[in-house]
Structures are given as structure tokens and as C-alpha cells.
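The values are calculated or read from the model by the stated rules, or taken from the named source; none is laboratory data. These numbers were taken from a predicted model, which means no experiment stands behind them. Counting neighbours? That spans all protein chains shown, and the Cβs are built from the backbone with ideal geometry, glycine included. Ligands, DNA and RNA are excluded from the accessible area calculation, which covers all protein heavy atoms including side chains. Shrake-Rupley method; radii C 1.70, N 1.55, O 1.52, S 1.80 Å.
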Amino acid sequence: MVSYEEFCGGVSKIRERIGLAASKCGLNPENVKILPVTKNHSEKAVEYAFKSGFSSVGENRVMEALDKMGMLDLPVNWELIGHLQSNKAKFCAKFFRVQSVDSAKLLEKLDKAAESGGVEIRILLQINSGRDPAKFGADIEDAPALAEAALKCSHLKLDGLMTIAPLVDDKTAARRAFAKLREIRDGLEESFKIKLPELSMGMSGDIEDAVMEGSTMVRVGTALFGERVYA
Ligand SMILES: *Cc1c(COP(=O)(O)O)cnc(C)c1O
């Protein structure tokens, strides 16, 4: 993993990238949060993020995140950005905002977990807005039904939507997927008369495309912490 100084340099570069992309479209860069993605790095990555002023980190596996929580005693918020198996939903109450909710079954499990934990779980719906067959996320067509189901869960709070751009050579595909997510969000706000303020989109390689399409949160791993080592 990179040194703390390199990490801070990375944060400045990301802020510059966000600033440039936002200014191209007349958007306010202050509306775009950076979520440092600490997955596959040691708990030190979380310490870096906290030390430099971030209040949230992203992890993609529940057990890995719980391990780090056990090693650290830091008041950071944990965001689950990886696929969640419904049998792990019970671990999510209290600990995470879950960005990767993509099925009615998972909604049900999370709602139960929140109820029995006496908490509210904040969630985003993950939509496969780039129609990538290799990606998790609900189909575009299923977004309204899923949103309706989420709104009926009295122990869940729907904050917005998340997507991962398709991994393809076509350089315009990411931007189209982000534009699509924004359209879906606008449509849901209109039909359900609700606010869905969070649009979690953009990673190290496609931050600019996401910001230009209205991202409110870019999830950045590699560009902050270096390449991940997979054991
Ligand atoms: C790993 C991951 C990221 C960060 O990816 P980088 O390319 O390393 O910035 C963002 N979002 C999700 C859902 C991820 O799994």
C-alpha cells in the first residue's frame, strides 16, 4: 500500500479531477463526495482515510469489514459496496449503509435485520444501468418495482442509487451508464414523489464521466491506495 503522504497526494489529485470535470458542466464540485474504498487493504487504509478527514470508507465484503472494525476503534461510517448475500444481511444492521441492494429478497432480509436490531438501515439500490451481464445490480426495468418495495420497508431508508459502469472497451459506455442512472433516479423521484439525493457512481478510472453526469459520491480505491493485493 502507498504511504500516508502518497495517499494525501492522491486525494488532492482526485479533488482536482472532480473540480475540472464539474467545471466543464457548470456543476458544483462540492456536491461530489469521495468515498475511499479500503477493500483488500489492511486496516491502515481506514486509518489513513480517517486521519485525513474522511468520515466514511467503502468495503465490499461484510466479514473483511467486520474484522477491520474489530481492529480499529474509529468513529467512521462503513459503506458496503460489494454484493451482499442475503444470509449475511443480519450483520448489516448497525454497522453499514448498504449501497448494493439489488433484490426484493435482500430488502426483506435487511428490513428484518433492522427491525430486530432496533435500528434503521440506510440503503441505495444498485442498478445495472450499463446492462453489463457480468455485473450485479437490478435490471433497469425492475428499478421502479424495487424502489416501491424499498419504500414499503419501514426499517429501511432509501437514500438513492448506485451503479458500476460496464467494463468494456467502448469509452462512451461508462458515461451513458451514468446518465442512465441519473434518468432512472429522476423518474423515481417523479413517480413516487420522493427525494433520492445520493447518486453513487464513478471509480478511479471513470470519475470524470460520473461527475459530469451528476454523481454525488465517487468510490475510489486504486487511485488513493494503490493496486490491491489479492491473497
Ligand atoms: C473496488 C470498487 C471500487 C473502487 O474501484 P477502483 O477502481 O479501485 O477505484 C468502487 N466501487 C465498487 C463497487 C468496487 O467494488
*Full-extension gain in nm, residue 168 to residue 191, via 0.36 nm per residue minus C-alpha separation*: 5.1 nm
_Accessible-area ranking of 203, 217, largest first, probe 1.4 Å_ = 203, 217
_Local electrostatic count at residue 81 - Lys and Arg +1, Asp and Glu -1, tallied over other residues with Cβ under 9 Å_ = 0
_Can you list residues from other chains, or at least 5 along the same chain, whose modelled amide H is less than 5 Å from the amide H of residue 33?_
217, 218
*Between residue 138 and residues 5 or more places away or on another chain, which pairs have amide H atoms under 5 Å apart, with H built 1.01 Å from N, and which residues are they?*
126, 127, 128
*To the nearest Å, what is the center-to-center distance of the range 144-167 and the range 104-142, using C-alpha atoms only?*
6
*What part of the accessible area of the range 134-207, given as a whole %, is carbon or sulfur when the probe is 1.4 angstrom?*
56
*Along the range 185-191, what does the Karplus equation 6.51 cos²θ - 1.76 cosθ + 1.60 (θ = phi - 60°) give for ³J(HN,Hα), rounded to whole Hz, x for Gly and Pro?*
4, 4, x, 5, 4, 5, 6
*Under the Karplus relation 6.51 cos²θ - 1.76 cosθ + 1.60, θ = phi - 60°, what is the ordered set of whole-Hz ³J(HN,Hα) values for the range 55-66, x standing for Gly and Pro?*
9, 9, 9, x, 10, 9, 10, 4, 5, 4, 5, 4
*Cα gyration tensor of the chain - equivalent ellipsoid semi-axes, whole Å, descending*: 26, 23, 15
*Kindly report the accessible area of the range 54-140 per residue (heavy atoms of protein chains, probe 1.4 Å, no ligands, DNA or RNA), in Å².*
47
*Grab the other residues whose beta carbon is less than 12 angstrom from that of residue 7, score K and R as +1, D and E as -1, and report the net.*
0
*Percent antiparallel among DSSP beta bridges with both residues in the chain, to the nearest 5?*
0
_HN-Hα J in Hz across the range 194-210 - Karplus 6.51, -1.76, 1.60, θ = phi - 60°, x for Gly and Pro_ = 10, 10, 10, x, 8, 10, 8, 7, x, 10, 3, x, 9, 4, 4, 4, 5
